[in-house]
């Protein structure tokens, strides 16, 4: 199993690096998350730390950019269409429903759009440009 997991992580990380110049990730506190006994086994099983390590190593090697978004940025609670923040959103809720604009979207997909936008905003604040093809996503 260990070799299969290692092979999968290697193949996935190189696929991401080969297909994207900018990778925006949530800067999760994995060590802190391991203290939650309900999550620890699942986190260890998927080797998040190793996946992130390989992604960062390969990004550096191939000249790609990894942007880390602060873990407390409300990516899951923010509407990717209108920006409304839903304060009361339970982890068990897998679909995001916006009360302001009516958007219904998969919670993780919504968060990924928000993480991309925030990551590109961070790049812009640093004075770094990103491809014009991403302007449609970022507004």
Item to complete: Answer with yes or no whether residue 32 is assigned by TED's automatic domain parsing to the domain that holds residue 1 and either free of Cβ contacts under 8 Å to residues at least 12 places away in the same chain or under 30 Å from residue 3 (Cβ atoms) (or both).
Response: yes
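Every residue, every condition in (1) in contact (Cβ under 8 Å) with a residue 40 or more places away in the chain; (2) over 18 Å from the mean Cα position of the chain (by Cα); (3) over 30 Å from residue 4 (Cβ atoms), yes or no:
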{"position": "66", "(1), (2), (3)": "yes, no, no"}
{"position": "105", "(1), (2), (3)": "no, no, yes"}
{"position": "114", "(1), (2), (3)": "yes, no, yes"}
{"position": "121", "(1), (2), (3)": "no, no, yes"}
Worksheet item: Quick one: how many residues across the stretch 43-81 are buried (at least 18 other Cβ atoms within 10 Å of the Cβ) and within 30 Å of residue 97 (Cβ to Cβ)?
Response: 7
Discussion item. I'd like the full set of residues that are exposed (fewer than 13 other Cβ atoms within 10 Å of the Cβ) and under 19 Å from residue 49 (Cβ atoms), limited to the stretch 16-29.
Written reply: 29
Fill in: Complete set of residues in the stretch 86-107 that are surrounded by 13 or more Cβ atoms within 10 Å (Cβ to Cβ) and either assigned by TED's automatic domain parsing to the domain that holds residue 24 or modelled with pLDDT of 90 or more (or both)
86, 96, 97, 98, 103, 105, 107
Worksheet, complete the sentence: From the option list 4, 11, 41, 35, single residue qualifying as modelled with pLDDT of 80 or more, out of contact with any strand residue (DSSP E or B) (no Cβ under 7 Å at 6 or more places or on another chain) and part of a loop (DSSP other than H, G, I, E, B) is 35
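The values are calculated or read from the model by the stated rules, or taken from the named source; none is laboratory data. The structure presented is a predicted model; accordingly, all values stated were derived computationally and were not measured. Glycine also receives a Cβ, built like all others from the backbone with ideal geometry; neighbour counts cover every protein chain displayed.
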